[in-house]
Amino acid sequence: MKIRVRRVEVDVSKCRRCGFCRSVSICHSPTECVGCLACYWACPYEARYVTYLTKRVERINIRVDGVEYEVPSGITVAEALKVVGYGFSKPGSKGVSLSCETGGCWSCAVLIDGRLERSCITPVKDGMVVSTDVEGLEPMRIVHGPEPHRVGGKATPWFEVDYSSYVEAAIWVAGCDLRCPQCQNYSVTYDNSSPALTPREAARTLAACQRVYGTRGVAVSGGEPTLNRRWLVEFFKVLSKLVGPRVRRHLDSNGTLLTPDYVDELVEAGCNNIGVEPKAVNVETYMRITGLSDREQAARYLETSWRAVEYIYDKYQDRVYLGVGLIYNSKLISVEEIAEAGRRIASIDPHIQVTVLDYFPAFRRRDLKRPSVSEMLRVKRVLEDQGLKCVIVQTSIGHIGPGDRRAP
């Protein structure tokens, strides 16, 4: 049979032989491209490009949830499931979902020949047996760390940071629903090759790190932690029991999937410290920053993140320490839009902690110039002029917070 297929090719003129595709985001179908796009999104030098062609392929037989189906060869398990009519859940839900589609978050994992595996990057094979019923199985996720940190994340309470002692023990999870060309943590975000951990395993390693360094908080960042909902909720349940009530349990998120019911479930699981990063106010700016090309999706993600800030404050201000993250680089966002974001936050509560990251050259935007310290101080003053009382800016010489207190 002939079908139209998607394939990824290499532009050798752009390839820097950096090894990223051999050690971090590796191909799970090296003999034949199945069009999963993991390497396309992960290549730091944009040396991969997508082509479409019509070709003759064999039809193979697979069994899905006890039923025999005939599907085209040369595609991923996820695509094969779509062919047979399986409906993936929405990202951020409790069901099997296509969230990062690069192999890091494991939200799409199903039982393949008796083993939990990611459907988004696994090639379909003749005779394969697939079960989509994974509710009773422990979810998995690729995890980096833990490591102790002296500054912490967007919602680490500023009054705890003294620059001399560790304030948080943190882990970072792979996979993200955004495609930021200047991703500041791309070696984690696009990692699909490191061993995956259960929520219990990750919680135990993080709790052990917290005990060793005596930190006041524990944190999970990414990538985007909220993609694998079952994993994250269970992680906070276990972590809360291990570290006890006096240790903050911090989630750093882009907020794109933090619907009210998800927030409720996380708080119930023990998360009491949430940083949300809307990044911007205007959809066009948000698309420029995040690399999203679908305007409708970008608008939905942006509004969800801002609504998450409002919801967390309105419902949980007595139980959750809230922080809001913005970004600044003159190539990506204007000072005027930063001021608009500041007014929106101040209208909720001027005392909400706001952290502004100075986006520097990284990943696919190595042409960016890192904002100067004076630029970031200007951003800080602009936000304070909107009435905000607790503004922290990241700079090349360290974080500068209220009262211009900074790292020595």
Any lysines whose Cα falls less than 24 Å from that of Lys82, other than same-chain ones fewer than 8 residues away, would be Lys2, Lys55, Lys90, Lys94, Lys125
Along principal axes, largest first, the alpha-carbon spread of region 1-47 in whole Å comes out as 38, 21, 17
Phi angles of region 340-355, converted by Karplus (6.51 cos²θ - 1.76 cosθ + 1.60, θ = phi - 60°) into ³J(HN,Hα) in whole Hz with x for Gly and Pro, give 4, 4, x, 5, 5, 5, 4, 5, 7, 5, x, 8, 4, 6, 10, 10
Here region 68-85 yields Karplus 3J(HN,Hα) values (6.51, -1.76, 1.60; θ = phi - 60°; whole Hz; Gly and Pro given as x) of 7, 9, 10, 9, x, 7, x, 10, 7, 4, 4, 5, 5, 5, 5, 4, 8, x
Under 5 Å from the placed amide H of Val218, counting only residues 5+ away or on other chains, we find Ala169, Arg248, Arg249, His250
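Relative contact order for the chain: what percent, with Cα pairs under 8 Å and sequence separation of 6 or more?
Computed value for the chain: 12 percent relative contact order.
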Of the candidates Cys120, Val188, Ser131, the farthest towards the positive dipole end of the chain (Lys/Arg Cβ +1, Asp/Glu Cβ -1, centred on the Cα centre) is Val188
Over the chain, the sum of -39500 (n - 2.57) across DSSP H runs of at least four, divided by residue number and rounded to 500 deg cm²/dmol, gives at 222 nm -8500 deg cm²/dmol
P(r) of region 61-200 over all Cα-Cα pairs, 10 Å bins starting at 0, rounded to whole percent, reads 11, 34, 29, 15, 7, 3, 0
Expressed in Å to one decimal, the Kirkwood Rh of the chain from all distinct alpha-carbon pairs is 22.1 Å
Karplus-derived 3J(HN,Hα) from phi for region 86-101 (6.51 cos²θ - 1.76 cosθ + 1.60, θ = phi - 60°), whole Hz, x at Gly and Pro, runs 6, x, 5, 6, 6, x, x, 8, 8, x, 5, 9, 8, 9, 9, 6
Treating only Lys and Arg (+1) and Asp and Glu (-1) as charged, each at its beta carbon, one finds that the chain has a dipole about its Cα centre, in Debye to the nearest 20, of 900 debye
As straight-line cross-link partners of Lys369, the qualifying aspartates and glutamates (C-alpha separation under 17 Å, not fewer than 8 residues apart within one chain) are Asp358
Sorted by chain and then number, the residues having a modelled amide H within less than 5 Å of the amide H of Gln353, at least 5 places away or on another chain, are Val324
In a Gaussian network model of the chain with springs linking alpha carbons closer than 10 Å, the residue among Val12, Val356, Val379 that fluctuates most is Val12
Here P(r) for region 166-311, Cα-Cα distances in 5 Å bins, as whole percents, is 2, 10, 19, 21, 19, 15, 9, 4, 1, 0
Toy charge model, Lys and Arg Cβ at +1, Asp and Glu Cβ at -1: region 2-56 dipole around Cα centroid in debye, rounded to 20, equals 220 debye
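Just want to confirm a number: the relative contact order over region 236-335, from Cα pairs under 8 angstrom separated by 6+ residues, in percent.
Across region 236-335, relative contact order equals 33 percent.
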Net charge (Lys, Arg +1; Asp, Glu -1) of residues whose beta-carbon lies under 15 Å from that of Gly66, Gly66 excluded, is -3
Region 144-243: relative contact order from alpha carbon pairs under 8 Å, six or more residues apart, as a whole percent, is 34 percent
Excluding residues fewer than 8 positions from Lys154 in its own chain, the lysines with Cα under 20 Å of it are Lys279, Lys315, Lys380, Lys389
The answer for Arg48, listing residues at least 5 apart or on another chain whose modeled amide H is closer than 5 Å to its amide H, is Asp11
With label points set 7 Å from each Cα along the Cα-to-Cβ direction at Arg56 and Arg381, the distance between them in nm comes to 7.2 nm
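Distances over 22 Å make up what percent of all Cα-Cα pairs in region 59-131?
13 percent
FYI, it's all coordinate maths here, none of it is from the lab. The model shown is predicted, which means the values in this text are computed figures rather than measured ones. As a convention, Cβ positions derive from the backbone with ideal geometry for all residues, glycine included, and neighbour counts pool all protein chains shown.
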